[in-house]
Amino acid sequence: MKTLIKFCRYGLAMLLLLGAISSASAVNVIVDSSKTWIGFMNVSELPANGGAYQFGSYWGTTDLNASFSSAGLTLTPNTSIDRDVPNDAYWWVGGAGGAPNKNMDASMYVQDDTLAGQTVTFSGNCVSNTLVSPYTVTVFIKDFAPDFPHLQPLQQR
Amino acid sequence: LTTGTAFSITLATTAGDHIQYGFETIGPDARLATVATLGKVIIAVPSNIHVLVDPSKTWLGYMNVFELPANGGGYAFGSSWGTADLNATFSAGIATLTPNSSIFRDVALSDTFWWQGSGAGNKNMDANFYVEDSSLAGSIVTFSGFVWTNSLVSPYTSQAFIKELDPSAGYATVNIITTNLTSTNFSITTATTAGHIVQYGFETVGPNANTTSTPLSTLGKVLVASNAPPTGPLITSLPSPIYVNVSSNVSITVGVTGSGLSYQWKKNGVNLSNGSGVSGATTATLSLNNVQGSAEANYSVVITDSLARTATGNSYLVVFTPSNLSFDPNATLNGFINAFYYDGTSTPGGYATGFGYPTALLQASISGGIATLRPNTSLFNNSDAFWSDLAGGPNKWVEADYYIANDDLAGKL
């Protein structure tokens, strides 16, 4: 799998403003709410506990937590575990009222295999990012080989 | 991802692979009570913008010049051109795209850069007629319109496009989406990137035309607009068959809706010209004077509108000679039943009833100019005492008439 998170340079601007026969294999994708967005959660131990991978599975996007609204696409730390299993010692140190016990890697993505074989540019604008440490958000494009056994974005950062 | 900052990542993907793009949010599971203190990320969702073939926009011209495909097709140069020189113009909201002729207007045939020794064009002209609107960048742009007509002949082609240029990469075309203008309408959509330059319009490609040897009218054109074209010609009335007595005058008028209509009448498929008793051969009404038997024929009319859309109708003219009538299979045949009482003898009894009757039920028909007549079987009904003796025998004597009605013969010998 190839993952690239940087700007790409294009070929010569030979055809100036209107290159008629260029970049036929380049395609732009953006944060389009009309696309089918998929949720996938990878769960690991906390870094302080070694960070070992536990499991990954498809989740509803709202359970990630990720959602579209008139404001845009909003991504926040996961709270569905607290909603569903607030007293479980697997998820919380000591169970009820405990501190978080797992690291949540929430992927909110579009899968579009028609893009394969093209130079894909994914672009957009970050209106705001107020996440506090240790929470982070990254943007990605991922390319899975056809025989890759699991299409989930497992350990592909 | 930082507040107020655009992001853009690019990956050259491999054919056949599975491609995903999106976001990953990583960190410990959070308590509902405190999540608000942990912050959030908001990603802008681009708006959808629909652009049309809008003559009120500023349409620009750009010509890319290539060698002919037969000469390798190499790029020669490109520069901004006046749109009229492309040739691309707007009139009444309709854009007209035709093969380039401004080179022929401006450059002598002796210039071998532009002209072959034969006088044919020596370059492939890629004429771009477009709107440039950077405010579209960052949006999902849809460009649509209606193709009123595309009569371009090979090798000329025309297509609609949306292009995206990256100023930070020397204005390279980093995204292009096109569709050929071969359907009645077009619609193309692409996602664009903030900060780029977005262009949309039309690209007409083909050799520079020598309009003396090949007039533009023979090379075709494309008409595109934001609205659908008016309905093509539609025939609303055309009588057929028409009966006329020999040595008479007759007019055949076609009723038609449409605009910019022209007409061509034909006799048995051959174009008619005015003269020799024919007038109105290219009008809505064809007039024939002093018709003789040779005038009996199929008269068709082809109606063409300003967009080269056509409608065709047919009218058969039957010429009668009152003193020497023949059973003309091209006339309209009618059916009628007269029923008489039947007493088992070989002659009919008193008149019972009469009524019009479909010719197919008579049973009478014409095929290949030959009329076939059979005894009537369609009226017999063994449970109806009017038609049957209820013992399996007939109860009426039937006269089946298969005939031509022509009131113009009234008063004639």
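Each value in this text was obtained by applying a stated rule to the coordinates, not by laboratory testing. Note that this is a predicted model, so its numbers are computed, not measured. Here Cβ is always computed from backbone atoms with ideal geometry, including for glycine, and neighbour counts include all displayed protein chains.
Residues B:His50, B:His18, B:His196, ranked from the fewest to the most other C-beta atoms within 10 Å, line up as B:His50, B:His18, B:His196.
Estimate the FRET efficiency between B:Ser262 and B:Ala228 by the formula 1/(1 + (r/R0)^6), using the beta-carbon distance for r and 25 Å for R0, to the nearest 0.05. So, using R0 = 25 Å, E works out to roughly 0.70.
Between B:Ala371 and B:Asp54, the simple label model (points 7 Å from Cα in the Cβ direction) yields a spacing of 6.9 nm.
Going by a ≥ b ≥ c, the root eigenvalues of the Cα gyration tensor, does the stretch A:14-147 fall in the rounded group (a/c under 1.5), the prolate group (a/b larger than b/c) or the oblate group? Prolate shape, in that a/c is at least 1.5 and a/b is the bigger ratio. The order of the peptides B:120-129, B:339-348, A:106-115 by mean Cβ neighbours within 10 Å, most packed first, is B:120-129, A:106-115, B:339-348. Around the amide H of B:Asn48, modelled in the peptide plane, lie the amide H atoms of B:Ile140, all under 5 Å away and 5 or more residues distant in sequence or on another chain. Each residue of the stretch A:30-39 is assigned a 3J(HN,Hα), and the resulting list reads 9, 7, 10, 5, 7, 6, 7, 8, 10, x Hz, derived from the Karplus form 6.51 cos²θ - 1.76 cosθ + 1.60 (θ = phi - 60°), x at Gly and Pro. Summed over qualifying helices (DSSP H, 4 residues or more, each -39500 (n - 2.57)) and divided by its residue number, chain B shows a 222 nm mean residue ellipticity of -500 deg cm²/dmol.
Sequentially through the stretch B:73-79, phi angles give Karplus couplings (6.51, -1.76, 1.60; θ = phi - 60°) of x, x, 6, 9, 5, x, 7 Hz, Gly and Pro residues having no value and appearing as x.
Packing, taken as the mean count of other beta carbons within 10 Å per residue, orders the peptides B:299-306, B:104-111, B:54-61 from highest to lowest as B:299-306, B:54-61, B:104-111.
Less than 10 Å Cβ to Cβ from A:Pro146, Lys/Arg counted +1 and Asp/Glu -1: what total charge do the surrounding residues give? Net of charged neighbours comes to -3.
Evaluated over the Cα positions of chain B, the convex hull gives a direction-averaged projected area, one quarter of its surface, of 42.0 nm².
Listing B:Lys412, A:Lys142 from fewest to most neighbouring C-beta atoms within 10 Å gives B:Lys412, A:Lys142. When both bridge partners sit in the stretch B:227-384, DSSP labels roughly 90% of those beta bridges antiparallel.
Tell me, B:Asp166, B:Asp408 in order of fewest to most beta-carbon neighbours within 10 Å?
Details: B:Asp166 23, B:Asp408 12.
In increasing order of surrounding Cβ atoms, one gets B:Asp408, B:Asp166.
Inter-part distance, the stretch B:60-139 to the stretch B:1-15, computed on C-alpha centroids, equals 36 Å. Mean per-residue shielding of peptide A:108-119 is 5, counting Cβ atoms of other chains within 10 Å of each Cβ.
Across peptide B:41-53, what mean number of C-beta atoms from other chains lies inside 10 Å of a residue's C-beta? Present the calculation step by step, with values, prior to reporting the outcome.
Working: counts 15, 13, 18, 10, 14, 8, 0, 3, 0, 0, 0, 0, 0.
Whole-number average of other-chain Cβ neighbours for B:41-53 is 6.
Remark: spin-label model distance A:Ala145-B:Val246 equals 9.2 nm, labels positioned 7 Å along the Cα→Cβ axis. Here the relative contact order of the stretch B:332-388, from alpha carbon pairs under 8 Å that lie six or more residues apart, stands at 24 percent. Reducing the stretch B:175-250 and the stretch A:52-67 to their Cα centroids gives an inter-centroid distance of 52 Å.
Here the stretch B:282-364 is described by how far its Cα atoms reach on the three principal axes: 68, 33, 16 Å, from widest to narrowest.
May I ask for the net charge around B:His196, where only other residues with Cβ less than 12 Å from the Cβ of B:His196 are counted and Lys, Arg are +1 while Asp, Glu are -1?
Numbers: positive: B:Lys163; negative: B:Glu132, B:Asp133, B:Glu164, B:Asp166.
Result for the neighbourhood of B:His196: -3.
Taking amide H positions as modeled 1.01 Å from N, with prolines and chain starts lacking one, the residues under 5 Å from B:Phe320 and 5 or more places away or on another chain are B:Val244, B:Asn245, B:Val246. Proximity of backbone amide H atoms, modeled 1.01 Å from N, is registered between B:Phe7 and A:Gly124, A:Asn125, A:Cys126 at under 5 Å, excluding neighbours fewer than 5 places apart on the same chain. When you restrict to C-alpha pairs under 8 Å that are six or more residues apart and normalise by the size of chain B, the relative contact order lands at 11 percent. Shown in residue order for the stretch B:89-97 are the 3J(HN,Hα) couplings computed by the Karplus curve 6.51 cos²θ - 1.76 cosθ + 1.60 at θ = phi - 60°: 9, 10, 8, 6, x, 10, 8, 10, 10 Hz (x for Gly and Pro). In this structure, the residue pairs whose Cα-Cα separation is over 32 Å, taken from B:Lys123/B:Lys266; B:Lys57/B:Lys123; A:Lys142/B:Lys123, are B:Lys123/B:Lys266; A:Lys142/B:Lys123. Calculate how many DSSP beta bridges within chain B are antiparallel, expressed in % of all such bridges and rounded to the nearest 5. Given both bridge residues lie in chain B, the antiparallel proportion sits at roughly 95 percent. Computed over the protein assembly as shown, the quotient of the alpha carbon radius of gyration and 2.2 N^0.38 Å is 1.59. Per-residue mean of foreign Cβ neighbours for B:33-39 is 5 (Cβ atoms of other chains, 10 Å radius).
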